[in-house]
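Undergrad: First the structure, which I've put down as structure tokens, then a few questions once you've had a look.
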Amino acid sequence: MKVAAIGDLHVTEDSVAPYRELFQEISRNADVLLLCGDLTNFGKTSEAEILAEDLRSCEVPVLGVLGNHDYECGQPENVASILHQAGMKVLDEQAFEIDGVGFAGVKGFIGGFGRGELAPFGEPEIKAFVDIAANEARKLENALRTIRTDRSVAVLHYAPITETLEGEPIEIFQYLGTQRLADAIDRFPHVRAVVHGHAHHGSYEGKTMRGTPVYNCAQFVVREKFGRPYALLEV
Ligand SMILES: [Fe+2]
Ligand SMILES: [Fe+2]
């Protein structure tokens, strides 16, 4: 299966059919399109409507997750609902299967990596914060556990590893993702690829501890590598 993936579309309300031609091109080159969050710039319904209109021109199945920008106006469920009505499967707790390949995804959260991972210790605010990251990882793990195919792809917005963050200032790595997501992924050998976005200045490729390939599909990263804004993976 040929899988196209793109993150960080950041659709603004003054844009005119910003992704229509690209989605048509992707429909010719891939069997499935994955969207890795930050689909809108500020999480406005007007931005989501513009993207929804373009999604209707996509002829292959579209699955994906929201990003932090899609939460900015405090109405991520409205953004998700508009995109869902345009045919996108918004991954959160439920996995999907298409032609023998499973797809599971969550937005993810921040929290850090390795020694820098924030622990649930001390103030209730810290515990609540860590609980959000742990809950995203738990949702991903639960969705991956329901997959019965021998191949799957995990879709995220935040990064699960630091390798695909290289290029970003090291001081902000802990705000770009959490290792808890990689820990969940590494429990399942059926995961053949992980796609994420969010790190606009990161690197394209990396691996989890267990060796699962991870791709930063933020459109700016992919464009720099391939001269087109979407990644193409064979799964
Ligand atoms: Fe972004
Ligand atoms: Fe983001």
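Undergrad: From Cα pairs below 8 angstrom and at least 6 apart in sequence, can you work out the relative contact order of the stretch 82-235, rounded to a whole percent? Intermediate results must be reported in sequence, preceding the final value.
TA: Working: 324 pairs, mean separation 34.0, N = 154.
Relative contact order of the stretch 82-235: 22 percent.
Undergrad: Let me ask you something else. Could you work out the per residue convex hull volume over the alpha carbons of the stretch 140-187, in cubic angstrom? Walk me through the numbers before you get to the answer.
TA: Values: hull volume 3.8 nm³, N = 48.
Once divided by residue count, the hull of the stretch 140-187 is 79 Å³.
Undergrad: Okay, moving on. Can you run the Rg to Rh ratio on the chain? Use alpha carbon positions and the Kirkwood inverse-distance Rh.
TA: Reported Rg/Rh (Cα atoms, Kirkwood Rh): 0.95.
Undergrad: Continuing with this model, one more query. What shape does the stretch 102-212 have by the C-alpha gyration tensor, where a ≥ b ≥ c are the square roots of the eigenvalues, rounded means a/c under 1.5, and otherwise prolate means a/b greater than b/c and oblate the rest?
TA: It comes out oblate by the Cα gyration axes.
Undergrad: If you don't mind, there's one more thing I want to ask. For the stretch 133-212, state which chymotrypsin sites (Phe, Trp or Tyr not before Pro) are in a DSSP loop and have at most 13 other beta carbons lying within 10 Å of their beta carbon.
TA: On the way: sites: 158, 173, 175, 204; in loops: 158, 204.
Filter output for the stretch 133-212: empty list.
Undergrad: With r as the distance between the Cβ atoms of residue 15 and residue 142 and R0 = 35 Å, compute the FRET efficiency 1/(1 + (r/R0)^6) and round to 0.05.
TA: 0.45
Undergrad: So if a site counts as exposed when it's one of the trypsin sites (Lys or Arg not before Pro), its DSSP state isn't H, G, I, E or B, and it has at most 14 other Cβ atoms within 10 Å, what's the longest stretch of the chain without one?
TA: Longest stretch, sites excluded: 57-147.
Undergrad: Assuming R0 = 22 Å, what is the FRET efficiency of residue 207 and residue 232, from their Cβ-Cβ distance, to the nearest 0.05? Could the numbers behind the result be given before it?
TA: Details: r = 19 Å, r/R0 = 0.85.
With R0 = 22 Å, the Cβ-Cβ based efficiency is 0.70.
Undergrad: Then there is this: Step by step: find N for the stretch 52-121, compute 2.2 N^0.38 Å, then divide the Cα radius of gyration by it. What's the final number?
TA: Details: Rg = 15.2 Å, N = 70, 2.2 N^0.38 = 11.1 Å.
Taking N as the residue count of the stretch 52-121, the ratio is 1.38.
Undergrad: Could I ask something else about it? Which of rounded, prolate, oblate describes the stretch 161-224, given a ≥ b ≥ c as roots of the alpha-carbon gyration tensor eigenvalues and a/c under 1.5 marking rounded, otherwise prolate only if a/b is larger than b/c?
TA: Because a/c hits 1.5 or more and a/b fails to exceed b/c, the stretch 161-224 counts as oblate.
Undergrad: Using the beta-carbon distance between residue 187 and residue 97 and R0 = 25 Å, what value does 1/(1 + (r/R0)^6) give for FRET efficiency, to the nearest 0.05?
TA: 0.85
Undergrad: Report the antiparallel proportion of the DSSP beta bridges in the stretch 126-235 as a percent, rounded to a multiple of 5.
TA: The antiparallel proportion sits near 25 percent.
Undergrad: Continuing with this model, one more query. Just the number, please: Stokes-Einstein D of the stretch 1-42 in µm²/s, Kirkwood Rh from C-alpha pairs, 37 °C, 0.692 mPa s. Walk me through the numbers on the way to the answer.
TA: Values: Rh = 11.0 Å.
My calculation gives 298 µm²/s for D.
Undergrad: Does the stretch 1-79 come out rounded, prolate or oblate by the C-alpha gyration tensor, with a ≥ b ≥ c the root eigenvalues, rounded set by a/c under 1.5 and, if not, prolate when a/b is larger than b/c and oblate if not?
TA: Because a/c hits 1.5 or more and a/b exceeds b/c, the stretch 1-79 counts as prolate.
Undergrad: So, one more: May I ask you to list the residues of the stretch 78-116 whose amide nitrogen lies under 13 Å from a point 7 Å from Cα along the Cα→beta-carbon direction of residue 149?
TA: Under 13 Å, as judged by backbone N against the label point of residue 149, lie 95-105 of the stretch 78-116.
No value in this document is a laboratory result; all are computed from the given coordinates. On a predicted model such as this, the values are computed, not experimentally measured, just so you know. In this analysis, Cβ positions are derived from the backbone assuming ideal geometry, glycine residues included, and neighbour counts consider all displayed protein chains.
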